[in-house]
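K.L.:
The following block contains the structure, expressed as structure tokens.
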Amino acid sequence: MTTAASASASAVVLRPATRADLPAVLALLADEERVVDPAGVEVTRAYETAFAAIEQDPRNEMLVLVEDGRTVVGCLQATYIPGLGKGGAERALIEAVRIRADRRGGGLGRALMAGAVARARARGCALVQLTSNKSREDAHRFYTALGFARSHEGFKLAL
């Protein structure tokens, strides 16, 4: 399913990532503060395996925001979680949200998140949830402006 999304600067499309998008996605995830050239990103076997698992799992999506049909300017991963809460409805968990460092502030993040929420709604999800590193204060303001509420405290255990 391809969803058209609007952003102030140009035509963008939100779609599931393909294997060809993997270097661009890894470049976005590599550094939040600067633009990383996808050509210089090493796609290891571990990344290949993880991407294949996401691509083959109907409850997972790596989504990319593509500008002018060729440039990946944003990404996120959505996982759809079945549960007994909320009347048995799924919830969408959004992670790894990134907009290319030189393209922030022009509406691309809003387009990315609106498209992800629309996809979750179309699946029948009862809610969308996300976590964000406590140090990402700009991201927190962004999510709050989109209507997300700080309703829970998150915990992680590194293994």
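K.L.:
Given the DSSP H assignment, sum -39500 (n - 2.57) over each helix run of at least 4 residues in the chain and divide by its residue total; what's the result at 222 nm in deg cm²/dmol, nearest 500?
P.N.:
Rounded to the nearest 500, it is -9000 deg cm²/dmol.
K.L.:
Take the Cβ-Cβ distance between residue 118 and residue 141 as r, set R0 to 25 Å, and report the resulting FRET efficiency rounded to the nearest 0.05.
P.N.:
FRET efficiency, residue 118 to residue 141: 0.65.
K.L.:
Of 86, 134, which has the most accessible area and how do the rest follow, probe 1.4 Å?
P.N.:
134, 86
K.L.:
Per residue, what accessible area does the chain have, given a 1.4 Å probe and all protein chains present, in Å²?
P.N.:
60
K.L.:
Let me ask another. What FRET efficiency do you get for residue 42 and residue 81 if R0 is 25 Å and r is their Cβ-Cβ distance, rounded to the nearest 0.05?
P.N.:
E(calc), rounded to 0.05, equals 0.20.
K.L.:
Counting DSSP beta bridges with both partners in the chain, what percentage is antiparallel, nearest 5?
P.N.:
85
K.L.:
A further question on this structure: Can you put 148, 155 in order of accessible area, largest first, using a 1.4 Å probe?
P.N.:
Reading off the accessible areas and sorting them downward yields 155, 148.
K.L.:
Next up: Between residue 55 and residue 157, what length in nm is gained on full extension when 0.36 nm per residue of separation is reduced by their alpha carbon distance?
P.N.:
34.1 nm
K.L.:
Provide the net charge surrounding residue 137, with neighbours chosen by a C-beta distance below 15 Å and charges set as Lys +1, Arg +1, Asp -1, Glu -1.
P.N.:
Net local charge, residue 137 excluded: +2.
K.L.:
Classify the chain as rounded, prolate or oblate from the Cα gyration tensor: take a ≥ b ≥ c as the square roots of its eigenvalues, call it rounded if a/c is under 1.5, otherwise prolate when a/b beats b/c and oblate if not.
P.N.:
Because its axes are fairly even, with a/c under 1.5, the chain counts as rounded.
K.L.:
Looking at segment 62-159, which GluC sites (Glu not before Pro) are DSSP coil and have at most 15 other C-beta atoms within 10 Å of their C-beta?
P.N.:
Those satisfying the criteria are 153.
K.L.:
Please list 54, 94 from largest to smallest accessible area, probe radius 1.4 Å, with all protein chains kept in place.
P.N.:
From most exposed to least exposed: 54, 94.
K.L.:
So for segment 7-159, averaging the separation of alpha carbon pairs under 8 Å that are six or more residues apart and normalising by length, what relative contact order in percent results?
P.N.:
Value for segment 7-159: 22 percent.
K.L.:
Which value in nm describes the separation of the simple spin-label points at residue 134 and residue 89, placed 7 Å from the Cα toward the beta carbon?
P.N.:
For the pair residue 134/residue 89, the computed spacing is 3.1 nm.
The values are calculated or read from the model by the stated rules, or taken from the named source; none is laboratory data. Predicted model, so just to flag it, every value in this text is computed and none were measured. Every residue, glycine among them, receives a Cβ derived from its backbone with ideal geometry; neighbour counts consider all protein chains shown. Note: areas computed on protein heavy atoms with side chains; ligands, DNA, RNA excluded. Shrake-Rupley method; radii C 1.70, N 1.55, O 1.52, S 1.80 Å.
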